[in-house]
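Just so you know, all these numbers are worked out from the coordinates, no wet-lab data involved. It should be emphasised that the depicted structure is a prediction, and the values quoted were computed from it without experimental measurement. Cβ placement follows ideal geometry from the backbone for every residue including glycine, while neighbour counts extend to all protein chains displayed.
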Amino acid sequence: MLLALVSLACLMGAAGVGLAAAAAHAALPPGSGLESASYLLMIHATAVLAASALTGQSLMWRPAAIVAMAGFVLGAGLFAGDISMRAFAGHPLFSMAAPSGGTLLILSWLVLALAAIVAAISTR
């Protein structure tokens, strides 16, 4: 599971770079959102890689990190996929895809925050 999520993060990073290139070179109207999709993918790809490092810290971090990593992958995919679909095809991925992805990203960050709080309290 961990290696699959790390592999997906690498694909997210590559897709983010590809969307950045498309935003710079494609004949799309300004404000198409591809820059946002690109940044979102690259930032959360990095977050997945960072969370994967937490899985080796202690058994306490592993479940929370894996849940957060899965949320980062799915949430960023939904959010960036919806923005990209709108830019290239003119319609959304599906209704509420971007807000669902954004909500999932927020929740994933909160999972890591809660895990950090629990870890800090338990090491006192």
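Listed values, structure above:
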item	result
Members of segment 65-124 that are among the polar types (S, T, N, Q), surrounded by fewer than 20 Cβ atoms within 10 Å (Cβ to Cβ) and part of a helix (DSSP H, G or I)	Ser100, Thr103, Ser122
Qualifying residue in segment 56-64 (condition: in contact with a Phe, Trp or Tyr (Cβ under 9 Å, 6 or more places away or on another chain), assigned to a helix (DSSP H, G or I) and not β-branched (Val, Ile, Thr))	no
Among (1) of a type outside the set (Phe, Trp, Tyr); (2) part of a loop (DSSP other than H, G, I, E, B); (3) out of contact with any helix residue (DSSP H, G or I) (no Cβ under 7 Å at 6 or more places or on another chain) - the single one Ile43 does not satisfy	(2)
Where a residue in segment 100-123 is more than 17 Å from Ala53 (Cα to Cα) and free of Cβ contacts under 8 Å to residues at least 60 places away in the same chain and its partner, wherever it lies, is assigned to a helix (DSSP H, G or I) and among the charged types (D, E, K, R), with Cβ under 9 Å and at least six apart	Ser100/Asp82; Gly101/Asp82
Complete set of residues in segment 24-51 that are closer than 20 Å to Ile117 by Cβ and surrounded by fewer than 20 Cβ atoms within 10 Å (Cβ to Cβ)	Ala50
